[in-house]
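Here is the structure we will look at.
The values are calculated or read from the model by the stated rules, or taken from the named source; none is laboratory data. All values reported here derive from a predicted model rather than from experimental measurement. Glycine also receives a Cβ, built like all others from the backbone with ideal geometry; neighbour counts cover every protein chain displayed. Surface accessibility is based on the protein's heavy atoms, side chains included, excluding ligands, DNA and RNA. Shrake-Rupley method; radii C 1.70, N 1.55, O 1.52, S 1.80 Å.
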Amino acid sequence: MKTLSMDDFDTLYRQYGPMVLRRCRFLLKNEEKALDAMQDVFVRLIERKSKISDICVSYLYTMATNVCLNKIRADKLRNGPEFEVIAELVEDNASSLNEQKIETSILLDCIFSERDGKDRQIAILHYVDGYTLEETAEKIGMSVSGIRKRLNKLSEYAGGKYGNSK
(Lines give C-alpha, C1' and ligand atoms only; values in the text may rest on other atoms or scores of the structure.)
Protein backbone atom coordinates (compact mmCIF):
# COMPACT_ATOMS: atom_id res chain seq x y z
CA MET A 1 0.00 0.00 0.00
CA LYS A 2 1.48 3.34 -1.09
CA THR A 3 1.15 6.16 1.45
CA LEU A 4 0.39 9.64 0.29
CA SER A 5 3.28 12.08 -0.04
CA MET A 6 3.28 15.80 0.71
CA ASP A 7 3.16 16.45 -3.05
CA ASP A 8 -0.04 14.40 -3.15
CA PHE A 9 -1.50 16.57 -0.39
CA ASP A 10 -0.53 19.73 -2.24
CA THR A 11 -2.32 18.42 -5.32
CA LEU A 12 -5.37 17.38 -3.26
CA TYR A 13 -5.48 20.77 -1.55
CA ARG A 14 -5.32 22.68 -4.83
CA GLN A 15 -7.80 20.40 -6.60
CA TYR A 16 -10.37 19.79 -3.84
CA GLY A 17 -9.82 22.71 -1.44
CA PRO A 18 -12.47 24.89 -3.12
CA MET A 19 -15.06 22.08 -2.96
CA VAL A 20 -14.29 21.45 0.73
CA LEU A 21 -14.52 25.19 1.45
CA ARG A 22 -17.91 25.45 -0.33
CA ARG A 23 -19.22 22.58 1.80
CA CYS A 24 -17.91 24.19 4.98
CA ARG A 25 -19.42 27.56 4.05
CA PHE A 26 -22.77 25.94 3.33
CA LEU A 27 -22.86 24.12 6.66
CA LEU A 28 -21.33 26.73 8.95
CA LYS A 29 -22.73 29.91 7.38
CA ASN A 30 -19.63 31.75 8.61
CA GLU A 31 -16.57 32.49 6.47
CA GLU A 32 -13.99 32.38 9.28
CA LYS A 33 -15.33 29.11 10.72
CA ALA A 34 -15.52 27.64 7.20
CA LEU A 35 -11.85 28.46 6.53
CA ASP A 36 -10.86 26.88 9.87
CA ALA A 37 -12.91 23.78 9.11
CA MET A 38 -11.37 23.43 5.64
CA GLN A 39 -7.89 23.58 7.19
CA ASP A 40 -8.93 20.95 9.77
CA VAL A 41 -9.99 18.59 6.98
CA PHE A 42 -6.59 18.73 5.33
CA VAL A 43 -4.74 18.54 8.66
CA ARG A 44 -6.65 15.33 9.40
CA LEU A 45 -5.57 13.96 6.03
CA ILE A 46 -1.95 14.68 6.85
CA GLU A 47 -2.32 13.09 10.29
CA ARG A 48 -3.79 9.94 8.74
CA LYS A 49 -1.53 9.77 5.68
CA SER A 50 -0.01 6.44 6.69
CA LYS A 51 -3.47 4.84 6.80
CA ILE A 52 -4.73 6.29 3.52
CA SER A 53 -3.70 4.97 0.13
CA ASP A 54 -6.20 6.73 -2.13
CA ILE A 55 -8.51 9.70 -1.68
CA CYS A 56 -11.84 10.11 -3.44
CA VAL A 57 -14.10 13.15 -3.59
CA SER A 58 -16.76 11.50 -1.44
CA TYR A 59 -14.20 10.90 1.32
CA LEU A 60 -13.23 14.59 1.42
CA TYR A 61 -16.88 15.69 1.21
CA THR A 62 -17.84 13.40 4.09
CA MET A 63 -14.84 14.46 6.11
CA ALA A 64 -15.73 18.15 5.59
CA THR A 65 -19.32 17.45 6.64
CA ASN A 66 -18.19 15.65 9.79
CA VAL A 67 -15.71 18.37 10.76
CA CYS A 68 -18.39 21.04 10.30
CA LEU A 69 -21.04 19.13 12.23
CA ASN A 70 -18.54 18.61 15.05
CA LYS A 71 -17.84 22.36 15.10
CA ILE A 72 -21.59 23.09 15.22
CA ARG A 73 -21.98 20.64 18.13
CA ALA A 74 -19.04 22.22 19.97
CA ASP A 75 -20.47 25.71 19.44
CA LYS A 76 -23.85 24.50 20.63
CA LEU A 77 -22.31 23.19 23.85
CA ARG A 78 -20.49 26.47 24.42
CA ASN A 79 -23.25 28.86 23.36
CA GLY A 80 -26.45 26.89 23.92
CA PRO A 81 -28.65 25.27 21.28
CA GLU A 82 -29.14 26.90 17.89
CA PHE A 83 -32.17 24.91 16.83
CA GLU A 84 -32.83 26.91 13.67
CA VAL A 85 -29.38 26.22 12.28
CA ILE A 86 -29.55 22.52 13.10
CA ALA A 87 -33.09 22.19 11.72
CA GLU A 88 -31.99 23.88 8.49
CA LEU A 89 -29.00 21.53 8.19
CA VAL A 90 -31.13 18.45 8.72
CA GLU A 91 -33.68 19.67 6.17
CA ASP A 92 -31.01 20.50 3.58
CA ASN A 93 -29.22 17.19 4.04
CA ALA A 94 -32.36 15.07 4.05
CA SER A 95 -33.58 16.49 0.76
CA SER A 96 -30.24 16.43 -1.00
CA LEU A 97 -29.90 13.86 -3.77
CA ASN A 98 -26.17 14.57 -3.76
CA GLU A 99 -25.96 13.27 -0.18
CA GLN A 100 -27.54 10.00 -1.25
CA LYS A 101 -25.01 9.65 -4.06
CA ILE A 102 -22.16 10.22 -1.62
CA GLU A 103 -23.49 7.66 0.85
CA THR A 104 -23.86 5.18 -2.01
CA SER A 105 -20.34 5.92 -3.17
CA ILE A 106 -18.93 5.34 0.32
CA LEU A 107 -20.80 2.04 0.61
CA LEU A 108 -19.47 1.05 -2.80
CA ASP A 109 -15.92 1.89 -1.67
CA CYS A 110 -16.36 -0.55 1.23
CA ILE A 111 -17.86 -3.26 -0.96
CA PHE A 112 -15.23 -2.93 -3.67
CA SER A 113 -12.23 -3.07 -1.42
CA GLU A 114 -12.39 -6.84 -2.05
CA ARG A 115 -13.72 -6.89 -5.66
CA ASP A 116 -12.22 -6.29 -9.10
CA GLY A 117 -12.15 -2.85 -10.76
CA LYS A 118 -14.63 -3.66 -13.51
CA ASP A 119 -17.34 -4.52 -10.96
CA ARG A 120 -16.72 -1.17 -9.30
CA GLN A 121 -17.00 0.71 -12.63
CA ILE A 122 -20.23 -1.07 -13.48
CA ALA A 123 -21.82 -0.36 -10.11
CA ILE A 124 -20.80 3.29 -10.08
CA LEU A 125 -22.08 3.87 -13.60
CA HIS A 126 -25.39 2.15 -12.87
CA TYR A 127 -26.13 2.96 -9.21
CA VAL A 128 -24.33 6.27 -8.63
CA ASP A 129 -24.35 7.94 -12.05
CA GLY A 130 -27.78 6.55 -12.94
CA TYR A 131 -26.96 4.96 -16.30
CA THR A 132 -29.34 2.31 -17.61
CA LEU A 133 -28.17 -1.27 -18.08
CA GLU A 134 -27.85 -0.61 -21.82
CA GLU A 135 -25.82 2.58 -21.32
CA THR A 136 -23.60 0.88 -18.75
CA ALA A 137 -23.02 -2.08 -21.09
CA GLU A 138 -22.06 0.28 -23.92
CA LYS A 139 -19.61 2.24 -21.75
CA ILE A 140 -17.97 -0.89 -20.32
CA GLY A 141 -18.00 -2.85 -23.58
CA MET A 142 -20.01 -5.78 -22.30
CA SER A 143 -23.43 -7.26 -23.03
CA VAL A 144 -26.49 -6.16 -21.09
CA SER A 145 -26.90 -9.69 -19.71
CA GLY A 146 -23.27 -9.63 -18.54
CA ILE A 147 -23.85 -6.33 -16.76
CA ARG A 148 -27.08 -7.64 -15.20
CA LYS A 149 -25.30 -10.82 -14.02
CA ARG A 150 -22.47 -8.84 -12.39
CA LEU A 151 -24.91 -6.45 -10.70
CA ASN A 152 -26.90 -9.40 -9.34
CA LYS A 153 -23.73 -11.00 -7.95
CA LEU A 154 -22.72 -7.68 -6.40
CA SER A 155 -26.16 -7.30 -4.86
CA GLU A 156 -25.93 -10.78 -3.33
CA TYR A 157 -22.40 -10.05 -2.08
CA ALA A 158 -23.39 -6.71 -0.55
CA GLY A 159 -26.55 -8.18 0.97
CA GLY A 160 -24.59 -10.95 2.60
CA LYS A 161 -21.81 -8.70 3.83
CA TYR A 162 -23.78 -5.55 4.73
CA GLY A 163 -27.20 -6.97 5.55
CA ASN A 164 -29.20 -5.44 2.72
CA SER A 165 -29.37 -6.58 -0.87
CA LYS A 166 -30.73 -3.36 -2.43
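List of remarks:
- The residues of the range 139-161 that are open to solvent by 80 Å² or more (accessible area, probe 1.4 Å), modelled with pLDDT under 80 and within 16 Å of TYR127 (Cα to Cα) amount to a single one, GLU156.
- Residue check for VAL43: of a type in the set (A, V, I, L, M, F, W, C) and either closer than 25 Å to VAL128 by Cβ or open to solvent by less than 30 Å² (accessible area, probe 1.4 Å) (or both): no
- A single member of VAL90, VAL43, VAL85 is farther than 30 Å from LYS153 by Cβ and at pLDDT 80 or above, and it is VAL43.
- Condition check for LYS33: surrounded by 12 or more Cβ atoms within 10 Å (Cβ to Cβ) and at pLDDT 90 or above: yes
- Residue match in the range 69-78 (condition: open to solvent by 80 Å² or more (accessible area, probe 1.4 Å), closer than 26 Å to ILE124 by Cβ and at pLDDT 75 or above): no
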